[in-house]
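Report on one structure; see the data block that follows.
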Amino acid sequence: MINRFRQRGRLFPFDRKMIFEGKPEEEGNCAISALVDSPTTQRRHYQVPCPHCNTFQRLTWGDQKSDTPGIKWDSTKGKRDPLTASKTAFYQCQNGCRIDDVHRGEMMRAGVWVAEGQHVDDEGQLCGTPDVDGQNVAFDE
């Protein structure tokens, strides 16, 4: 199926962009996963600046009980309470800053896609060269 799609794309000269989407299949039996895991595919992830310290970072779920970056919320007596969690949730930056929901829109709009091998400096500029310089690009969360 993917090969037929690529063949059709060859009929469009120069300015073509192919977007492959799919759902996870069995491990080792998914054409999209094979394309993403290929050594000729450039992988990128989205980094956003902390509104307090301006450090660019990749958002992660983190661990509620540890001091690692990620989503945190007030828990009542160690139990999971969805209502309390939804009202008290915040994101903890890698430098420990508390990022509340009011900052989310601006922070997400200021984000950049960063290829493996690159980083964002203190001024918010993309630095370095991608580890892979290929036509295939995979965008991750």
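The values are calculated or read from the model by the stated rules, or taken from the named source; none is laboratory data. Worth saying up front: this structure is predicted, and the values here are computed from it rather than measured. Every residue, glycine among them, receives a Cβ derived from its backbone with ideal geometry; neighbour counts consider all protein chains shown. Heads up: the accessible areas ignore ligands, DNA and RNA and are worked out on the full protein's heavy atoms, side chains in. Shrake-Rupley method; radii C 1.70, N 1.55, O 1.52, S 1.80 Å.
Summary table
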read-out	value
Residue list for region 108-141, restricted to those being open to solvent by less than 80 Å² (accessible area, probe 1.4 Å) and of a type in the set (Asp, Glu)	Glu116, Asp121, Asp140
Subset tally (residues that are open to solvent by less than 60 Å² (accessible area, probe 1.4 Å) and either under 25 Å from Asn54 (Cβ atoms) or not in a loop (DSSP other than H, G, I, E, B) (or both)) for region 79-107	15
Checklist (1) under 14 Å from the mean Cα position of the chain (by Cα); (2) hydrophobic (A, V, I, L, M, F, W, C); (3) not in a helix (DSSP H, G or I) applied to Cys53, failing item	(1)
Considering residues of region 58-72 that are part of a loop (DSSP other than H, G, I, E, B) and open to solvent by 70 Å² or more (accessible area, probe 1.4 Å) only, the residue modelled with the highest pLDDT	Trp61
